[in-house]
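Below is one structure, written out as structure tokens; comments come after it.
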Amino acid sequence: MSEDSAHYPPVDPVKTGIKGCCPRCGQGKLFDGLLGVKPRCASCGLDYSFADAGDGPAVFVILIVGFIVIGMVLWLQVNYGPPIWVHILLFGPLTIILSLATLRWFKGILIAMQYRHNAREGRLSD
């Protein structure tokens with residue numbers, strides 16, 4: 001954490017990330033739209049240029065949502081054996097909705113964790 005963050009009490013990265021709030025003050029909004037990150041916090045002025053979650057949120061979404069949806073598909077197929085169109089109607093929209101909701105949460109959590117641990121891109125020293 002940087003020196004200017006000493007003026008702010010620590011916030012829980014998971015709660016802050018799920019709410020989509022600033023990782024330093026926990027008040028300002030992190031996102032501009034669904035997944036776009038704002039340039040800075042309107043509350044404390046933290047510059048969000050450090051925020052780069054990369055592909056991490058997508059990996060978590062694929063693993064977690066995929067596990068849940070495939071488990072439900074298998075359960076439904078084994079217990080009731082519905083035709084394929086039932087699976088498409090039920091699990092197509094469910095997969096999209098769960099993925100969009102959790103992608104924002106995981107991106108917020110990873111950015112908050114990145115701020116908390118002062119994570120930066122790796123550099124080779126000369």
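The values are calculated or read from the model by the stated rules, or taken from the named source; none is laboratory data. This structure is a prediction, so every number in the text was calculated from the model and none was measured. Because the Cβ atoms are built from the backbone with ideal geometry, glycine has one as well, and the counts that use them run over all protein chains shown.
Testing Ser49 on (1) farther than 30 Å from Asn118 by Cβ; (2) exposed (fewer than 12 other Cβ atoms within 10 Å of the Cβ); (3) under 21 Å from the mean Cα position of the chain (by Cα); (4) not charged (D, E, K, R), one condition comes back false. Which one is that?
For Ser49, the exception is condition (1).
Name every residue in the stretch 22-39 that is of a type outside the set (A, V, I, L, M) and in contact (Cβ under 8 Å) with a residue 12 or more places away in the chain, in order of residue number. Break it down stepwise before answering.
Of the residues in the stretch 22-39, the ones of a type outside the set (A, V, I, L, M) are 22-29, 31-33, 36, 38-39.
Residues satisfying the conditions are Cys22, Pro23, Arg24, Cys25, Gly26, Gln27, Gly28, Lys29, Phe31.
Go through Gly122, Gly92 for me and flag whichever is without any contact (Cβ under 8 Å) to a residue 12 or more places away in the chain, part of a helix (DSSP H, G or I) and either under 19 Å from Asp12 (Cβ atoms) or out of contact with any strand residue (DSSP E or B) (no Cβ under 6 Å at 6 or more places or on another chain) (or both). I'd like the intermediate steps shown before the answer.
On the way: Gly122 fails: part of a helix (DSSP H, G or I).
The unique qualifying residue is Gly92.
Specify which of the listed residues (Gly26, Gly17) is assigned to a helix (DSSP H, G or I) and either touching a His at 6+ places or on another chain (Cβ under 9 Å) or surrounded by 14 or more Cβ atoms within 10 Å (Cβ to Cβ) (or both). Walk me through how you get there before you give the answer.
Details: Gly26 fails: assigned to a helix (DSSP H, G or I).
None of the others qualify; the one that does is Gly17.
Kindly evaluate Ile97 against the criterion of being under 25 Å from Ala51 (Cα atoms) and either at pLDDT 95 or above or not in a loop (DSSP other than H, G, I, E, B) (or both).
Taking the combined requirement at face value, the residue satisfies it.
Any residue in the stretch 43-60 that is in contact with a Lys or Arg (Cβ under 8 Å, 6 or more places away or on another chain), part of a helix (DSSP H, G or I) and aromatic (Phe, Trp, Tyr)?
Yes, the stretch 43-60 contains at least one residue that is in contact with a Lys or Arg (Cβ under 8 Å, 6 or more places away or on another chain), part of a helix (DSSP H, G or I) and aromatic (Phe, Trp, Tyr).
To keep it simple, each residue is scored yes or no on (1) more than 13 Å from Ile111 (Cβ to Cβ); (2) out of contact with any helix residue (DSSP H, G or I) (no Cβ under 8 Å at 6 or more places or on another chain); (3) of a type outside the set (A, V, I, L, M, F, W, C).
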| position | (1), (2), (3) |
| --- | --- |
| His7 | yes, yes, yes |
| Pro10 | yes, no, yes |
| Lys15 | yes, yes, yes |
| Cys25 | yes, yes, no |
| Val37 | no, no, no |
| Ala42 | yes, yes, no |
| Asp47 | no, yes, yes |
| Ala53 | no, no, no |
| Pro57 | no, no, yes |
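Residues in the stretch 70-88: is at least one crowded, with 16+ Cβ neighbours inside 10 Å, among the hydroxyl-bearing types (Ser, Thr, Tyr) and part of a helix (DSSP H, G or I)?
No, that holds for no residue.
Val86: of a type outside the set (Lys, Arg) and within 20 Å of Ile18 (Cβ to Cβ), yes or no? Give the steps one after another, and end with the answer.
Values: of a type outside the set (Lys, Arg): yes; within 20 Å of Ile18 (Cβ to Cβ): no.
For Val86, the condition - of a type outside the set (Lys, Arg) and within 20 Å of Ile18 (Cβ to Cβ) - is not met.
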